[in-house]
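Notes follow the structure.
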Amino acid sequence: MNSYVTIGGTMRKKVLSLLAAAALLPGLAATAQAVDFKTKGVWIMNFEYGGGGNFMDRGRSVNGTQANRTTGWGRYNEDQFEAKSRVRLQLDAVASEALSGTVYFEIGRQYWGQAGNKSDAALGADGNNVIKIKHSYLDWTMPQTDVKIRMGIQRIFLPDYVTEASQAFDADTAGITVSVPVNEHLSLTGFWARAYNDNWAGNDNSPQSYLDNFDLFGLTAPLRFEGLNITPWGLVGAFGSNTFRKNDDFYGKNNDGAGALGVAPATYALNNGKVGRQIANAYSTIFWAGLTGEAVAWNPFRLAWSFNYGQSDTGVETLNRKGWYGSLLAEYSMDWGVPGIYGWYTSGDDGNVKNGSERMPTIEANNESTNGLDSFGTLGTLTLGRDTLLGSTFVGTWGVGARVKDVSFLDKLKHTLHANLLGGTNSPTMAKYIKGQKDVDGQTLFRPDVTPGSMGDFNTANYYGLYLTSRDYAAEFGVTSTYQMYDNFKIVVEANYIALWLDQSKDVWGGYTTTSGSRMGGVTTQDAWNVNMSFIYKF
């Protein structure tokens with residue numbers, strides 16, 4: 001969904017020289033074509049230190065030695081201390097209010113000291129680098145109307161007045177967006193997004209690029225009244241039977257393809273070969289509907305809500321997915337800050353793996369926004385700090401919490417504090433499938449006592465985090481402080497802590513005896529914490 005340009009030494013210097021030249025263009029105008037060039041950008045330098053967050057499956061014996069499989073920070077191979085940076089540069093070519101073009105480059109995130117194409121931040125920093133074309137689109141207005149059209153690689157997302165970040169769809173993707181103002185109260189925005197196409201390599205039974213596209217069509221209808229804003233929305237799509245195929249496996253692993261995207265069912269509880277041969281429809285369909293809004297008529301009191309429902313249908317019940325999410329927020333603006341309370345609930349898997357998943361499907365959710373309800377458990381920060389410890393979204397969880405936003409006692413310094421209590425909504429029975437204690441139709445999916453390294457862990461069960469059952473709980477505490485040193489420069493300091501309580505009984509994550517008679521250990525956890533400081537220059 002993102003385009004990359006790999007640039008060697010000399011060519012890279014030329015490209016960076018062009019970018020530097022583009023930065024000088026705001027004060028100039030290409031008078032021959034009457035086009036103004038405008039630039040925007042953001043530099044982020046991030047330094048962080050964290051600990052804990054290790055979740056271990058213990059007890060498997062390999063050559064007489066106990067072997068621990070660790071996830072948590074190990075998911076991304078992070079060190080306890082890391083320094084990172086990212087640069088984004090946007091160039092707008094503006095012919096008029098009715099016509100403009102935009103290209104948006106991104107360099108990084110770069111992990112300081114890390115060599116190779118991903119970071120190129122080791123000593124010398126002179127190897128190949130990767131410049132990502134984050135956005136590249138054309139904006140134009142239909143003559144004699146107020147209809148605005150955007151074409152190209154852009155951010156397309158669904159609204160949510162509670163979390164400020166969609167729990168269903170929020171992505172950089174190629175597509176077309178059309179915005180139409182209807183009257184003073186109603187406007188419409190429709191879009192088509194081509195998420196995937198022409199990526200299937202082909203095999204003897206299916207030719208290259210055959211049935212491998214994924215297209216989405218969405219509509220939002222914001223309604224604006226005095227003291228009340230409501231936005232109903234809908235999203236439908238279809239993906240071909242080869243869209244996510246990995247050799248003969250339709251969904252691949254749960255940490256890539258459809259699993260990572262969030263539209264796969266409980267693939268961690270199904271035999272991979274069986275998954276690959278069970279797709280019935282040439283095109284699987286996917287559908288969401290939602291309603292979100294806010295009431296501000298009683299200002300300074302604000303009430304916000306959101307409800308989403310989504311489902312995917314492959315033609316085979318075992319591989320389908322459907323579920324819902326709801327949230328509510330109440331807050332009150334005061335001179336010294338904005339205190340508020342909130343809660344959310346999402347559906348979770350039941351104990352039957354043959355009827356598909358009961359978790360709401362998602363696509364790149366929370367991708368380009370900040371989840372206003374937390375900053376550590378899910379994708380809750382844009383400062384390059386660590387997050388997603390529990391999951392990329394709230395799917396499969398419930399939670400209640402309180403926060404105080406924008407607390408300020410000193411000029412240019414603001415603080416936001418939050419505390420959340422949450423738990424899982426998935427059936428404890430699913431834990432038995434994940435740890436290999438329970439099988440499907442006589443097929444044991446994960447055999448930790450037989451095949452080292454094949455054990456299912458929480459990370460593969462729930463991409464971007466942990467799989468929490470209804471008997472698992474966590475608490476999150478966080479504070480974010482922002483000092484606006486200059487108009488275009490701020491320093492952000494975040495401190496977060498997550499305490500985790502997993503059910504250690506044999507029926508959930510505790511030890512058990514395998515069919516071969518060997519004794520398996522339980523799961524140990526460590527509370528996670530993280531402190532990071534970001535220096536952000538935005539112009």
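The values are calculated or read from the model by the stated rules, or taken from the named source; none is laboratory data. Keep in mind that this is a model prediction, so the values were computed, not measured. Ideal geometry is used to build each Cβ from the backbone, glycine not excepted, and the neighbour counts take in all protein chains shown. Calculation scope for accessible area: heavy atoms of the full protein, side chains included, ligands and nucleic acids excluded. Shrake-Rupley method; radii C 1.70, N 1.55, O 1.52, S 1.80 Å.
Observations on the model:
- Test: residue in segment 296-310 that is crowded, with 19+ Cβ neighbours inside 10 Å, over 16 Å from residue 231 (Cα atoms), touching a residue at least 12 places away in the same chain (Cβ under 8 Å) and within 19 Å of the chain's Cα centre (by Cα): yes
- Meets criteria (modelled with pLDDT under 60, under 22 Å from the mean Cα position of the chain (by Cα) and among the polar types (S, T, N, Q)) for residue 462: yes
- Only listed residue being at pLDDT below 95, assigned to a loop (DSSP other than H, G, I, E, B) and either farther than 29 Å from residue 223 by Cα or among the hydrophobic types (A, V, I, L, M, F, W, C) (or both), chosen from 127, 108: 127
- The lone criterion from (1) under 27 Å from residue 361 (Cβ atoms); (2) open to solvent by less than 20 Å² (accessible area, probe 1.4 Å) left unmet by residue 176 is number (2).
- Scope segment 504-539; condition at pLDDT 90 or above and charged (D, E, K, R); matching residues: 538
- The set of residues from segment 157-171 being part of a strand (DSSP E or B) and open to solvent by 10 Å² or more (accessible area, probe 1.4 Å) comprises just one member, 157.
- Given (1) open to solvent by 10 Å² or more (accessible area, probe 1.4 Å); (2) at pLDDT below 95; (3) in contact with a Leu (Cβ under 8 Å, 6 or more places away or on another chain), number of the condition residue 354 does not satisfy: (3)
- Those residues of segment 470-513 which are crowded, with 20+ Cβ neighbours inside 10 Å and acidic (Asp, Glu), in sequence order: 472, 476, 494, 503
- Candidate set: segment 197-230, residues that are of a type outside the set (A, V, I, L, M) and in a strand (DSSP E or B); chosen: the one nearest to residue 293 (Cα to Cα): 229
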